[in-house]
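**Q** Below: one structure in structure tokens.
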Amino acid sequence: MSERRIPRPAGAVLIALALCLPPFYLDAFWLRIGLFSMAAAIGAIGLALLSGTAGQLSLGHAFFLAVGAYGYAWLAGEPGPGLPSALAAVLAVLLAGAAGGLFSPVAGRVRGIYLGVATLALVFLGHHVLLTADSVTGGFNGRSVPPLEVGGFAFATDDTALTVLGVPFGAEERLWYLGLALFALTWFTARGLLRGRPGRALAALRDSETAAAVMGVDVARHRSAAFVVSSMYAGLAGVLLALSFRRVVPDYFSLALSVDYLAMIVIGGLGSVAGATAGAVFVTALPLLMTRYADQLPLVAAPGSADGAVGPTEAARYLYGAAIVVVLLYAPDGLHGLVRRARARLARRGPGAPAPDPGPAPEHPAAPVRPKEHTP
């Protein structure tokens, strides 16, 4: 008798309900980890579409996150136009997409390491602009981020405290549901894109541009479109990061952030939405957890100590650097591939699986025939 499995729609509803519960039980530290992880997952999904599905190497993801974060802070703040924050958030995402569109002619003509070097220039150029355009970015010290308001509801702590089922809802609790909604939107749109004709066209481009062109795929147009969509996802992640940090500074959007995002999609699995999410949670949460529990971990010094030991941030980078090496050597398809193979193995071994065919019985040499002895 086969075991009963939870239908996929019911499983999705259960997961959604479980993700709605943390604000009622977890403190602000864990909610911040969840917020940063959801923002990273949104950006990592965009990079997975670009690098994992379309096969385009990008080292400039941090630039587009900065466009989204600073675009929102400037459009909704002072100095700046002072637009309604919801409109500013939408325009910031479109601004990041427009930046990707301006760069898309380059993405449509070069590939491989040449595209990686070209996108690397975006990071250095963007960092220089963030430091020098004081009237827009605030310079080295950055600028504060206005809270988001939708329909009169502010995703920030205000004078009138909001209480739900006896639990006070501050900024982290409110932003949790905003991040959850944005992540769900990103998840389903990316899954739909990958399963539709655009996803198949991008996968064909990754495998062979010549074969894709023969099948009628417009190579330059699809590669440019992949860059624009990835940039918009990065801009949305930048907006959520800005709301979570409440202040944006140029040094955060450096080359190290772009490398972190590459690590996310490599560890999770190239071209996989679920894998990009798992890699984002791993890379984002690991340094924060090590910072909090540094005094309980061996060979890791507490933040700010001057004894020359390895700090939690550096230790976290060593760990997920080692994870990248292990993944490349033993699991090139990342965590998503490992889970998929494990599920397939469990399904084959389940109670409803047919028993393996033992094959024909081995033939044994016949025993010599002995003459029957008669009883005297």
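**Q** For LEU14, only one of the following conditions fails: (1) open to solvent by 60 Å² or more (accessible area, probe 1.4 Å); (2) touching a helix residue (DSSP H, G or I) at 6+ places or on another chain (Cβ under 6 Å). What is its number?
**A** Of (1) open to solvent by 60 Å² or more (accessible area, probe 1.4 Å); (2) touching a helix residue (DSSP H, G or I) at 6+ places or on another chain (Cβ under 6 Å), only one is false for LEU14: (2).
**Q** Only residues that are buried (at least 24 other Cβ atoms within 10 Å of the Cβ) and aliphatic (A, V, I, L, M): list them for the stretch 67-82, please.
**A** VAL67, ALA69, ALA73, ALA76
**Q** Is it the case that the stretch 235-244 has a residue that's of a type in the set (S, T, N, Q) and part of a loop (DSSP other than H, G, I, E, B)? Don't jump to the end; show me each part of the working.
**A** Of all residues in the stretch 235-244, those of a type in the set (S, T, N, Q) come to 244.
Of the ones still in play, those that are also part of a loop (DSSP other than H, G, I, E, B) are none.
No, the stretch 235-244 has no match at all.
**Q** Just checking, does the stretch 226-245 include any residue being surrounded by fewer than 17 Cβ atoms within 10 Å (Cβ to Cβ), out of contact with any helix residue (DSSP H, G or I) (no Cβ under 7 Å at 6 or more places or on another chain) and either farther than 20 Å from ARG111 by Cα or of a type outside the set (Gly, Ala, Ser) (or both)? Spell out the reasoning first.
**A** As a first pass, look at the stretch 226-245 and keep what is surrounded by fewer than 17 Cβ atoms within 10 Å (Cβ to Cβ): none.
No, the stretch 226-245 contains no residue that is surrounded by fewer than 17 Cβ atoms within 10 Å (Cβ to Cβ), out of contact with any helix residue (DSSP H, G or I) (no Cβ under 7 Å at 6 or more places or on another chain) and either farther than 20 Å from ARG111 by Cα or of a type outside the set (Gly, Ala, Ser) (or both).
**Q** Here is a further query. Name the one entry in LEU87, LEU31 that is outside any loop (DSSP other than H, G, I, E, B) and over 22 Å from the mean Cα position of the chain (by Cα).
**A** After applying the criteria, what remains is LEU87.
**Q** If you don't mind, another one. Please verify whether ALA366 is modelled with pLDDT under 80, surrounded by 10 or more Cβ atoms within 10 Å (Cβ to Cβ), of a type in the set (A, V, I, L, M, F, W, C) and assigned to a loop (DSSP other than H, G, I, E, B), treating the condition exactly as stated. Quick ask: steps written out before the conclusion?
**A** Details: modelled with pLDDT under 80: yes; surrounded by 10 or more Cβ atoms within 10 Å (Cβ to Cβ): no; of a type in the set (A, V, I, L, M, F, W, C): yes; assigned to a loop (DSSP other than H, G, I, E, B): yes.
Judged against the criteria, ALA366 is not a match.
**Q** Also: Against the conditions (1) surrounded by 17 or more Cβ atoms within 10 Å (Cβ to Cβ); (2) part of a helix (DSSP H, G or I), where does PHE140 fall short? Just the number, please.
**A** (1)
**Q** Please state which one of ARG221, ARG191 is at pLDDT 85 or above and among the charged types (D, E, K, R). Outline the logic, then answer.
**A** Working: ARG221 fails: at pLDDT 85 or above.
On inspection, the qualifying residue turns out to be ARG191.
**Q** Among the residues of the stretch 157-176, is any more than 30 Å from PHE29 (Cα to Cα), part of a helix (DSSP H, G or I) and modelled with pLDDT of 85 or more? Full working, then the answer.
**A** Looking only at the stretch 157-176, we keep the residues that are more than 30 Å from PHE29 (Cα to Cα), and these are none.
Scanning the stretch 157-176 turns up no residue that is more than 30 Å from PHE29 (Cα to Cα), part of a helix (DSSP H, G or I) and modelled with pLDDT of 85 or more.
**Q** Which condition from (1) under 24 Å from the mean Cα position of the chain (by Cα); (2) closer than 24 Å to SER254 by Cβ; (3) open to solvent by 50 Å² or more (accessible area, probe 1.4 Å) is the one that GLY100 breaks?
**A** Going through the list (1) under 24 Å from the mean Cα position of the chain (by Cα); (2) closer than 24 Å to SER254 by Cβ; (3) open to solvent by 50 Å² or more (accessible area, probe 1.4 Å), GLY100 breaks only (3).
**Q** All but one of (1) over 29 Å from SER104 (Cβ atoms); (2) at pLDDT below 85; (3) of a type in the set (A, V, I, L, M) hold for LEU205; which doesn't?
**A** (1)
**Q** Another question, then. Of all the residues that make up the stretch 210-225, how many are free of Cβ contacts under 8 Å to residues at least 40 places away in the same chain, of a type outside the set (Gly, Ala, Ser) and open to solvent by less than 50 Å² (accessible area, probe 1.4 Å)? Step through it out loud before you land on a result.
**A** Within the stretch 210-225, the first condition is being free of Cβ contacts under 8 Å to residues at least 40 places away in the same chain, and the residues that meet it are 210-218.
Now restrict to residues that are of a type outside the set (Gly, Ala, Ser): 210, 214-215, 217-218.
So of that shortlist, the ones also open to solvent by less than 50 Å² (accessible area, probe 1.4 Å) come out as 217.
Matching residues across the stretch 210-225 total 1.
**Q** Are any of the residues in the stretch 65-72 at pLDDT 85 or above, over 19 Å from the mean Cα position of the chain (by Cα) and of a type outside the set (Ser, Thr, Tyr)? So that I can check it myself, show each step before the final result.
**A** The first filter runs over the stretch 65-72 and keeps only residues at pLDDT 85 or above, leaving 65-72.
Checking which are over 19 Å from the mean Cα position of the chain (by Cα) leaves us with 70-72.
Next, from what is left, pick out any that are of a type outside the set (Ser, Thr, Tyr): 71.
Yes, because at least one residue in the stretch 65-72 is at pLDDT 85 or above, over 19 Å from the mean Cα position of the chain (by Cα) and of a type outside the set (Ser, Thr, Tyr).
**Q** So which of THR119, THR132 is surrounded by 23 or more Cβ atoms within 10 Å (Cβ to Cβ) and of a type in the set (S, T, N, Q)?
**A** Values: THR132 fails: surrounded by 23 or more Cβ atoms within 10 Å (Cβ to Cβ).
The conditions single out THR119.
**Q** From the set of residues in the stretch 83-96 that are over 13 Å from ALA69 (Cα atoms) and either in contact (Cβ under 8 Å) with a residue 40 or more places away in the chain or in contact with a strand residue (DSSP E or B) (Cβ under 9 Å, 6 or more places away or on another chain) (or both), which is most open to solvent (accessible area, probe 1.4 Å)?
**A** So in the stretch 83-96, the residues over 13 Å from ALA69 (Cα atoms) come out as 83-84, 86-87.
Now restrict to residues that are either in contact (Cβ under 8 Å) with a residue 40 or more places away in the chain or in contact with a strand residue (DSSP E or B) (Cβ under 9 Å, 6 or more places away or on another chain) (or both): 84, 86.
On the way: PRO84: 85, ALA86: 42 Å².
Restricting to residues being over 13 Å from ALA69 (Cα atoms) and either in contact (Cβ under 8 Å) with a residue 40 or more places away in the chain or in contact with a strand residue (DSSP E or B) (Cβ under 9 Å, 6 or more places away or on another chain) (or both), the top hit is PRO84.
**Q** While we're here: When both residues are 6+ apart or on different chains and their Cβ atoms are under 9 Å apart, which pairs have a first residue that lies in the stretch 235-262 and is within 20 Å of SER144 (Cα to Cα) and touching a residue at least 40 places away in the same chain (Cβ under 8 Å), and a second that is among the acidic types (Asp, Glu) and part of a helix (DSSP H, G or I)?
**A** SER244/GLU172
**Q** Next question. Kindly provide the set of residues from the stretch 166-207 that are crowded, with 17+ Cβ neighbours inside 10 Å, under 19 Å from GLY151 (Cβ atoms) and among the hydrophobic types (A, V, I, L, M, F, W, C), ordered by number.
**A** PHE169, ALA171, LEU175, TRP176, LEU178, LEU180, LEU182
**Q** Sticking with this one: Of the residues VAL259, VAL217, which single one is closer than 21 Å to VAL106 by Cβ, not in a helix (DSSP H, G or I) and not polar (S, T, N, Q)? I'd like the intermediate steps shown before the answer.
**A** Details: VAL259 fails: not in a helix (DSSP H, G or I).
Checking each option against the conditions leaves just VAL217.
**Q** Right, here's the next one. Evaluate the following for ALA44: is it in a helix (DSSP H, G or I), among the aliphatic types (A, V, I, L, M), touching a residue at least 12 places away in the same chain (Cβ under 8 Å) and more than 26 Å from PHE140 (Cα to Cα)?
**A** Values: in a helix (DSSP H, G or I): yes; among the aliphatic types (A, V, I, L, M): yes; touching a residue at least 12 places away in the same chain (Cβ under 8 Å): yes; more than 26 Å from PHE140 (Cα to Cα): yes.
Judged against the criteria, ALA44 is a match.
**Q** Just to be sure, is SER58 hydroxyl-bearing (Ser, Thr, Tyr), touching a helix residue (DSSP H, G or I) at 6+ places or on another chain (Cβ under 6 Å) and under 30 Å from ARG109 (Cα atoms)? Give the steps one after another, and end with the answer.
**A** Numbers: hydroxyl-bearing (Ser, Thr, Tyr): yes; touching a helix residue (DSSP H, G or I) at 6+ places or on another chain (Cβ under 6 Å): yes; under 30 Å from ARG109 (Cα atoms): yes.
For SER58, the condition - hydroxyl-bearing (Ser, Thr, Tyr), touching a helix residue (DSSP H, G or I) at 6+ places or on another chain (Cβ under 6 Å) and under 30 Å from ARG109 (Cα atoms) - is met.
The values are calculated or read from the model by the stated rules, or taken from the named source; none is laboratory data. Keep in mind that what you see is a predicted model, and the values were worked out from it rather than measured. Reconstructed Cβ throughout: ideal geometry from the backbone, glycine too, with neighbour counts over all protein chains shown. Please note that ligands, DNA and RNA were not included when accessible areas were found on the heavy atoms of the full protein model with its side chains. Shrake-Rupley method; radii C 1.70, N 1.55, O 1.52, S 1.80 Å.
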